[in-house]
Amino acid sequence: MADKPLDGMRVAIVCATDFEQAEMTEPRKALKDAGAETVLVSPKPGEVHGMHHDQMGDTFKVEMTLAEAEPDHFDGLLLPGGALNADQLRVIPEAQGFVRNFQERGKPMAVICHAPWLLASAGLAGGRKLTSYHTIRDDMRNAGAEWVDQEVVVDGNLVTSRQPSDIPAFNREMIALFTRQRAQTGQHPLAETVQEYVGAQELGTKA
């Protein structure tokens, strides 16, 4: 079986409280299963709450605040959605600066549901092909993005999806994008990561 393709990769998961829980926990599991270390980053210390649409979900420990997090110490970024979470993050200058740092360095970003709001507020949506939850379609277009209604969209270092039902496709393309980043930095040969890892995962599913 191939080595895990994201071994040694460190991914920041940035969210405020009241995020869509499945959009954090399921991609986080996919990243961990692929070998990545994940760190839950939030504006305030303590705990954040997940949501199942409009119902309260579980509580999660904040592992690092935005003030403590150094973008240069991370290799990738995951932004879960949820309207309340995304609406909080988009107006926080530290959150805007954090995502700008990733874009300036061409690091991979996985962004789902309402989370593209932060890209728009950070001035990063213009000229990008992306998707999001349908209710913020006009916001994305007004920010200069090419918005499309697809379960997953990959545009350079950015992968986006619309909603929880898109998570399987989102996870697949997120792992592929982050793996390509590893290959470009010379840490893993591409043919021995994406193809072998996906093949191994498929065999495990069939077993």
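A short reminder: the numbers here are calculations on the coordinates, not readings from a lab. These figures come from a predicted structure and were not determined experimentally.
Give me the percent of DSSP beta bridges within the range 10-197 that run antiparallel, rounded to the nearest 5.
The answer is about 30 percent antiparallel.
When only alpha-carbon atoms count, how far does the range 69-118 stretch along each of its three principal axes, as whole angstroms with the largest first?
27, 20, 16
Taking Cα atoms, how many degrees apart are the long axis of helix 194-206 and the longest axis of the chain, rounded to 10 and kept between 0 and 90?
90 degrees
Can you return the lysines within cross-link range of K4? Criterion is Cα-Cα under 29 Å, with same-chain partners fewer than 8 residues away left out.
K29, K32, K61, K107, K206
Out of residues 5 or more away from T38 or on other chains, whose amide H comes under 5 Å of its own, with H placed 1.01 Å from N in the peptide plane?
V11
To test your reading of the geometry: what angle, between 0 and 90 degrees and rounded to tens, separates the Cα axis of helix 22-33 from the longest principal axis of the chain?
Tilt of helix 22-33: around 30 degrees.
What length, rounded to one decimal in nm, is gained on full extension from H52 through to V91, with 0.36 nm per residue of separation minus their alpha-carbon distance?
Numbers: separation 39, 0.36 × 39 = 14.04 nm, distance 2.33 nm.
The H52-V91 span can extend by a further 11.7 nm.
Send over the per residue convex hull volume for the chain, Cα only, as a whole number of Å³.
For the chain, the hull spanned by Cα atoms encloses 112 Å³ per residue.
Of the residues P93, P108, P80, which exhibits the maximal mean-square fluctuation in a Gaussian network model of the chain defined by a 10 Å Cα contact cut-off?
Maximum among the listed residues: P93.
Between the helical axis of 93-104 and the dominant principal axis of the chain, each derived from Cα atoms, what acute angle in degrees is found, rounded to the nearest 10?
Taking Cα atoms only, the helix is inclined about 40 degrees.
Over the chain, with a Gaussian network built from C-alpha contacts below 10 Å, which listed residue (T131, T25, T17) shows the highest mean-square fluctuation?
Checking each option, the largest mean-square fluctuation is seen for T25.
What's log10 of I(q)/I(0) for the range 70-193 at q = 0.19 Å⁻¹, Debye sum over Cα points only, no solvent?
Each listed q corresponds, in turn, to -1.00.
Per DSSP helix of 4 or more residues, -39500 (n - 2.57); summed, then divided by the residues of the chain. What does that give at 222 nm, rounded to the nearest 500? Provide the component values of the computation, followed by the final result.
Working: 7 runs with 74 residues, N = 207.
It comes out at -10500 deg cm²/dmol, rounded to the nearest 500.
Apply the Karplus parameterisation 6.51 cos²θ - 1.76 cosθ + 1.60, with θ equal to phi minus 60°, to every residue of the range 161-177 and state each ³J(HN,Hα) to the nearest whole Hz, in sequence, with x for glycine and proline.
Along the range 161-177, the couplings run 9, 8, 6, x, 5, 8, 4, x, 5, 4, 4, 4, 6, 4, 5, 5, 5 Hz.
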